[in-house]
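Asks: Here it is, the structure in full.
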């Protein structure tokens, strides 16, 4: 995939090979031996519910002042679209005041903290389809007949899927966000009046039905828990580089969280991107790019264990796809 908002190269060296970040990695840093799924030596895989609270406290107490400086620096780079060179220059300029780690180290820490692991899928060089589902074993695109691999047997283009659930679960780590997510549960429906998506017949009918996944009838009903999340998927394409109609384009896959009030759910910080279908052309098989999203939706309908930082209890989080905004290409 051509879009790479975060530089994940293995070092922060400039052209002469020297490290200009000014950061020296401390072997005593509590993150030094960390890996995904590891919290202070307690393995999370296979974690039982009784230990969730202890793990949550460990995660929140592990951050020191240096960690918080790294997070602030990372946030500044992302929000300001700061180049790698300028970021390293900033670190070096303020090294007498604070010690900030290399961009690679910070990026790795953010991945561990967020528990968001990106999955890459091969796709057509012209973005006709992704090689998922029934297309997994294909060697060339059935639409444009371009080969899947280059002469070195490497994929010519890839689509990156960013999982949704870890970011929905992260919302329940903030009491402030938990309060904001209560909009759906507190919504008062008035028959004959349309005030929001929750006034619609589809949502009202879903609440009385049991969940069915692949023919299996599950014991719970749609939105039976006040923390259940309703969300929609937007798949609208846009032109790159301000080009005229017919130019290169891309298609972001954006999730809108309907549990948030209408006046904030469309704010940029509340929209969740699960991937961007790369250009230069519009996809001919959009469903193939949505296969990992569909699989994740099935898991979230069944329910996934999540920790509520306000009640300090583990609960089963269900999230339901309520609307899909149809694909339109510029």
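Asks: Quick one: 84, 157, fewest Cβ neighbours within 10 Å first, how do they rank?
Replies: The most exposed by this proxy come first: 84, 157.
Asks: At what distance in nm do the modelled label points of residue 218 and residue 149 sit from each other, each positioned 7 Å from its Cα along Cα→Cβ?
Replies: Rounded to a tenth, the inter-label distance reads 3.8 nm.
Asks: Moving to a separate point now. Can you sort 141, 123 so the residue with the fewest Cβ neighbours within 10 Å comes first?
Replies: The order, fewest Cβ neighbours first, is 141, 123.
Asks: Would you mind ranking 148, 210 by Cβ crowding within 10 Å, fewest neighbours first?
Replies: 210, 148
Any read-out appearing in this document is the output of simple, stated calculations on the displayed coordinates, not a laboratory observation. Fair warning: this is a prediction, and the values are worked out from it, not measured in the lab. Virtual Cβ from ideal backbone geometry, glycine too; neighbours counted across all protein chains shown.
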